[in-house]
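Working notes for the structure below.
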Amino acid sequence: MTWEDEGLEPGESPEERREFRRMMGALSREGRRRMIERPGGEIQTDPHDTQSRYDRGLLFNELRVGRRAVEYFGRAIALDPANVEALSHRAMVYLGLGEPNEAVADCDEMLRRFPGNPSIKKERRLAQEQAKT
């Protein structure tokens, strides 16, 4: 039996899957709907589905599980390096985890794609200020 047969992410253990299901169960139905709502409904298990990785990153961020949020935003970025939303969210999670240098790196990547973008510059400044402290 493969990870796909059990509905697991690549490299995800059954324990991690149970943890995810437990957290999902702790949310109200309305909360889950709002957090993962998108065309097609619930989170997919397709290993090439960038949106489901991004959705899980949002979910873990909302649940204040920063490491897992970074992991899933990273998976979305690996599948779609142009996913600026995932880069931006990951940068903010890195700041929350006290890892401003990682946030600066994500901001630099976004600025390569959108030079001169004022909101990205602001995000980068925030990360740089945190790195100095």
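Values quoted throughout were computed directly from the atomic coordinates according to the rules given, and no laboratory measurement underlies them. Model, not experiment: these values are computed from the prediction. Every residue, glycine as well, gets a Cβ built from its backbone with ideal geometry; the counts of neighbours run over all protein chains shown.
Some observations on this one:
- Using a simple spin-label model with pseudo-atoms 7 Å out from Cα toward Cβ, Phe114 and Ala131 lie 2.0 nm apart.
- Each label was represented as a point 7 Å from its Cα along the Cα-to-Cβ direction; for Leu63 and Ala82 these points are 3.2 nm apart.
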